[in-house]
Each structure stands twice: as C-alpha cells, then as structure tokens.
Amino acid sequence: MFADDLSKLESLRKDAVQSTDPHPGGIDKLQAYAAQLVWLGHKFPLDIGVEFPWYPSVGYNTSRPESQNNLKFELVNILFNLAAMLSHLALSQRSDPDAPKIAARQLISAAGVIRHMQLHVIPEMKSPHPEDLDPWTVECIEALLLAQAQEFLWQKLAKPGADSRDYQVARVALIDACQ
C-alpha cells in the first residue's frame, strides 16, 4: 500500500546522499529530504526499524560507518551535510564581485543549521549523539562558520574603493572581541 511513498522517500534519500558538489541544486535536495525526515519524525517513532549508516565526517574512526535505527540520527547527518554544502558553496564563489556578501550569508545559514542541529535535533535523538558530533566539536564548527562569515564581510568593507566608513570596518573587525 505504501510502496510508492517508500520509493519516493528512498529516491529523496539517494539524491540527498549523492549531492556532493557545491551547487544550489544540492542544497535543495538536502532540504527536501530533511523536510521529509522532520515530517516522518512527527508521524512515526524514532526507531522505525531501518538502520541508517553514515561515515563520520570528523574524528578518528572515519573508516567504518556508524549505524543507528533512529530518524533523528539520519536528520542530524543530513543537516550536517547541508551545513557543509552551504559552506562549500560559499567558498566556491570567490570570482563573483558580490561574493563576500553572498558567501557571508551562506556561512551564516550554515552556522544556523549547525546551531539548530545542536539545540533541537541532537537532544531529541534519545540515543548517544554521533561520536564525531560531540557538543564541543559542534560548537567549534559553528564558531568557525561565523568567523568565516565575519572575514568575508570584513573583506567586502575593507576592499580598496569600497564605499565603507572606517567605523563600519572597525565594527565588523571587533564583533568577535565583544562576545
């Protein structure tokens, strides 16, 4: 009865997992699958009887996949890949004259995805978090993404010929010092 729906879900997962090049289409695929996982999480228990294997992105045990029977585990990994894709896309646009502004926006979005994952999705897993996404690592990744965004904004403001005032450059340069 649900064969067609499961086939579509499997197709969404395949498209999301195989999206590795920094391209807006890849972001759309990851977002579409993440939205379905969120919807499924409201309709089904976390342990639906399907093992989701993922290779750790950071850490020492990257040669073997970690598997869990947990929808939130799958969502955490998709969200991590979404943040990674956004950051790759930001860094791949360096030739565009508006690149610093666009890149900063994408890096801030990536940091927001990581923050959401840390505050809302990982605590709802009701199982151990992925070993490569411990709270300190996730917090560090978020800070790094925000620092990269700040650097891009500073580059835009400090560029020779930019229509910016000294106080704007100083303000962006001091944002981190005030936190």
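The values are calculated or read from the model by the stated rules, or taken from the named source; none is laboratory data. Worth saying up front: this structure is predicted, and the values here are computed from it rather than measured. With ideal geometry, Cβ positions are generated from the backbone for all residues, glycine too; neighbour counts draw on all protein chains shown. Note: areas computed on protein heavy atoms with side chains; ligands, DNA, RNA excluded. Shrake-Rupley method; radii C 1.70, N 1.55, O 1.52, S 1.80 Å.
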Quiz item: Are there chymotrypsin sites (Phe, Trp or Tyr not before Pro) in the range 20-71 that DSSP marks as loop and that have at most 11 other Cβ atoms within 10 Å, and which are they?
Solution: 60
Exercise. Compute the Rg to Rh ratio over the range 27-110 from the alpha carbon atoms, using the Kirkwood formula for Rh, and round to two decimal places.
Key: 1.08
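Taking 26 Å as the cut-off for C-alpha to C-alpha distance, list the pairs among 29/72; 8/72; 8/43; 14/72; 72/101 that go past it. Intermediate values should be presented prior to the final figure.
On the way: 29/72 18 Å; 8/72 19 Å; 8/43 17 Å; 14/72 17 Å; 72/101 33 Å.
Among 29/72; 8/72; 8/43; 14/72; 72/101, the Cα-Cα distance tops 26 Å for 72/101.
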Quiz item: With the other protein chains left in place, how much accessible area per residue, in square angstrom, belongs to the range 1-111 at a 1.4 angstrom probe?
Solution: 59 Å²
Practice problem: Run the numbers on the range 1-152 and let me know its relative contact order in percent, using alpha-carbon pairs under 8 Å that are six or more apart. | Solution: 22 percent
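Kindly sort 102, 114, 48 by accessible area of their heavy atoms, largest first, with the probe set to 1.4 Å.
Details: 102 50, 114 5, 48 70 Å².
Putting 102, 114, 48 in descending order of accessible area: 48, 102, 114.
Counting Lys and Arg as +1 and Asp and Glu as -1, each charge on the Cβ, what is the dipole of the range 18-138 about the Cα centre in debye, to the nearest 20? Write down the numbers at each step before the final one.
Working: 9 positive and 12 negative charges, 58 e Å.
That gives the range 18-138 a dipole magnitude of about 280 debye.
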